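Participant: Here you go, one structure.
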Amino acid sequence: MKSEETSKEYCPLWFDIEKLKENQKQTIYMDNAATTYHKPKGVYDAMNEVNRCLSVNAGRGSYQLAQIAVEGMDKLREELLNLINGHNRAEVVFTPSATIAFNQIIGGLMLNSQNRVYVSPFEHNAVMRTLNLWQKRCGFSIEILPMDVKKMEIDLEKTEYMFREKTPTHIFVTQVSNVTGYILPVSEIYHMAKEITEGQAIVIIDGAQSFGLVNIDYQRTPYDGIVFAGHKTLYGPFGIAGFIKGKALDIEPCLAGGTGSNSLAVDMPESIVGLEPSSPNIVGIAGLYAAVQFINEKTVDTIYQYEKKLTEELRKCLKNIPGVILYLPKDLEHQIGIVSFNVRGYRADELGMILDEDYHIAVRTGYHCAPLVHDYLNDKEFGGTVRAAVSYFNKIEDIEALEQAISELAEGA
Ligand code: PLP
């Protein structure tokens, strides 16, 4: 049998792989805030090996393969804690996505009408829709952290005033905005809230756009919860995410099911095992384990500095093009990886389509699942923003190609 026939026979796909590879080779990928792509080679290799050799149900059997699978989960928990200097200080709960992590946390907090929950205006719908769902059932209040609109940054002075006037019981803040790339002052907010509430406020950060990219020092700032998404700044695959659970984060299970332990009881186990029902994604665990090795090898600081350089270049190039509107945090120091913009004369989705079809540049357009921030950006006449988001795998030439394309389009508008 010829090798092409073999690969066709054994690799049934719903698309033409050769055509797709051609398209993929031409594409300048700048949608890394949606998911980082490509992944480090080790991620693909580790997933392939584990899929073939260790695709067993971890935590369900006592045979050797199942035990090696459990070992992999424990090693990944350790690696994730080491990445944030949180070894022995917190626990790691795995979930299939950051969204499910937030559903478990918000649903598990058992919020009631006495609670006052603060959010930043940059929150993603993983937080906002989940809070909205539970607010309708439980009646807690939601306050929005104040913005310095000129800087497009959180106003910390006003935040302190608000915290003293209306004491928070819970705070949800994203560390990096998935719309503007703004790095929020999460550590300052944590310490301010803890000081004002004498340690009572629970502070959860959304690390979907920051974990593995922005330095988190858990020893200095022991957040009550940090949600991570394996497939974004951690460079892992889809289907594996979770949260760091600090000691004060007391949550009830709000997902139930088999855990492979104490199976005769219909109550969920009380330990952390009770927060991880259902068969673990061992292939995803293997991919994320390899991704964290990649980050360790490069170092968080190197990846951060590299992305900072690309961010600076994006800001500089786009700023010089007449007709371009940029939605930037004032300080480059407070921005990483993501730049949102529009071009006068185009709707955001129209521009995205032209960039794809005529220039092979993949960007995201629209409102990016962040419902609050667009009131401050005033971008609704464009239907949201065009978002360019880079990763460690982008090059300066990618930004030059975007600059060239936008210059031509702005001129023709
Ligand atoms: N939080 C932020 C800041 C995000 O950007 C995203 C995804 O874009 C999420 C949460 C949700 O991640 P997922 O869709 O992987 O659950």
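Participant: I'm trying to understand the selection: among the residues of the range 216-239, which are aliphatic (A, V, I, L, M) and under 22 Å from T299 (Cβ atoms)?
Facilitator: I216, I226, A229, L234
Participant: Looking at (1) out of contact with any helix residue (DSSP H, G or I) (no Cβ under 8 Å at 6 or more places or on another chain); (2) open to solvent by 20 Å² or more (accessible area, probe 1.4 Å); (3) touching a residue at least 60 places away in the same chain (Cβ under 8 Å), find the lone condition where V149 falls short.
Facilitator: (1)
Participant: If you don't mind, there's one more thing I want to ask. Being of a type in the set (V, I, T) and either at pLDDT 95 or above or touching a Phe, Trp or Tyr at 6+ places or on another chain (Cβ under 7 Å) (or both): is that true of I240 here?
Facilitator: Details: of a type in the set (V, I, T): yes; either at pLDDT 95 or above or touching a Phe, Trp or Tyr at 6+ places or on another chain (Cβ under 7 Å) (or both): yes.
Yes; evaluated as a whole, the condition is true for this residue.
Participant: Checking the structure you have, find out if any residue of the range 115-129 is within 16 Å of the ligand (Cβ to nearest atom), open to solvent by 40 Å² or more (accessible area, probe 1.4 Å) and farther than 24 Å from N215 by Cβ.
Facilitator: Start the filter on the range 115-129 by keeping residues that are within 16 Å of the ligand (Cβ to nearest atom), which leaves 119-129.
Now narrow it down to the ones that are open to solvent by 40 Å² or more (accessible area, probe 1.4 Å): 124, 129.
Subset that is farther than 24 Å from N215 by Cβ: 129.
Yes, the conditions are met somewhere in the range 115-129.
Participant: Counting residues that are touching a helix residue (DSSP H, G or I) at 6+ places or on another chain (Cβ under 9 Å) and in contact (Cβ under 8 Å) with a residue 40 or more places away in the chain, which helices (runs of 4 or more DSSP H) fully inside the range 1-111 reach at least 1? Break it down into steps so the answer makes sense when it comes.
Facilitator: Values: elements: 3-10, 17-26, 41-53, 64-83, 98-108.
Qualifying helices (runs of 4 or more DSSP H): 41-53, 64-83, 98-108.
Participant: Now for a different question. If the requirement is being among the aromatic types (F, W, Y) and touching a Pro at 6+ places or on another chain (Cβ under 7 Å), which of these qualifies: Y235, Y190, Y161, Y218?
Facilitator: Details: Y190 fails: touching a Pro at 6+ places or on another chain (Cβ under 7 Å); Y161 fails: touching a Pro at 6+ places or on another chain (Cβ under 7 Å); Y218 fails: touching a Pro at 6+ places or on another chain (Cβ under 7 Å).
Result: Y235 is the single residue among Y235, Y190, Y161, Y218 that is among the aromatic types (F, W, Y) and touching a Pro at 6+ places or on another chain (Cβ under 7 Å).
Participant: While we're on this one: Can you pull out every residue in the range 113-154 that is farther than 15 Å from L184 by Cα and assigned to a strand (DSSP E or B)?
Facilitator: Result: R116, V117, S141, I142, E143.
Participant: Tell me, which residue of the range 316-333 that is assigned to a strand (DSSP E or B) and touching a residue at least 60 places away in the same chain (Cβ under 8 Å) is farthest from K150 (Cα to Cα)? I'd like the intermediate steps shown before the answer.
Facilitator: Our first condition is that a residue be assigned to a strand (DSSP E or B); within the range 316-333, this holds for 324-327.
Filter again for touching a residue at least 60 places away in the same chain (Cβ under 8 Å), leaving 324, 327.
Values: V324: 18, Y327: 11 Å.
It comes out as V324.
Participant: Starting from residues that are of a type in the set (A, V, I, L, M) and over 18 Å from Y235 (Cβ atoms), keep the ones in the range 82-100 and report whichever is farthest from the ligand (Cβ to nearest atom).
Facilitator: The residue in question is A90.
Participant: Taking the conditions exactly as written (touching a residue at least 60 places away in the same chain (Cβ under 8 Å) and either assigned by TED's automatic domain parsing to the domain that holds N57 or in a helix (DSSP H, G or I) (or both)), does P168 satisfy them or not?
Facilitator: No.
Participant: Separate question: Given the criterion more than 14 Å from the ligand (Cβ to nearest atom) and either under 14 Å from the mean Cα position of the chain (by Cα) or farther than 21 Å from I142 by Cα (or both), identify the matching residue among A256, A241, A201.
Facilitator: Working: A241 fails: more than 14 Å from the ligand (Cβ to nearest atom); A201 fails: either under 14 Å from the mean Cα position of the chain (by Cα) or farther than 21 Å from I142 by Cα (or both).
Being more than 14 Å from the ligand (Cβ to nearest atom) and either under 14 Å from the mean Cα position of the chain (by Cα) or farther than 21 Å from I142 by Cα (or both) holds for just one of A256, A241, A201, which is A256.
Participant: Taking the conditions exactly as written (assigned to a strand (DSSP E or B), acidic (D, E), more than 16 Å from the ligand (Cβ to nearest atom) and at pLDDT 95 or above), does E157 satisfy them or not?
Facilitator: no
Participant: Could I ask something else about it? Only one residue in E313, E297 is open to solvent by 30 Å² or more (accessible area, probe 1.4 Å), farther than 24 Å from R387 by Cα and in a helix (DSSP H, G or I), so which one is that?
Facilitator: Selected residue: E297, the only one of E313, E297 that is open to solvent by 30 Å² or more (accessible area, probe 1.4 Å), farther than 24 Å from R387 by Cα and in a helix (DSSP H, G or I).
Participant: Between R77, R60, R89, which is within 16 Å of A290 (Cα to Cα) and surrounded by 14 or more Cβ atoms within 10 Å (Cβ to Cβ)?
Facilitator: R77
The values are calculated or read from the model by the stated rules, or taken from the named source; none is laboratory data. Note that the structure is a prediction, hence the values are computed from the model and not measured. Here Cβ is always computed from backbone atoms with ideal geometry, including for glycine, and neighbour counts include all displayed protein chains. Only protein heavy atoms, including side chains, enter the accessible area calculation; ligands, DNA and RNA are left aside. Shrake-Rupley method; radii C 1.70, N 1.55, O 1.52, S 1.80 Å.
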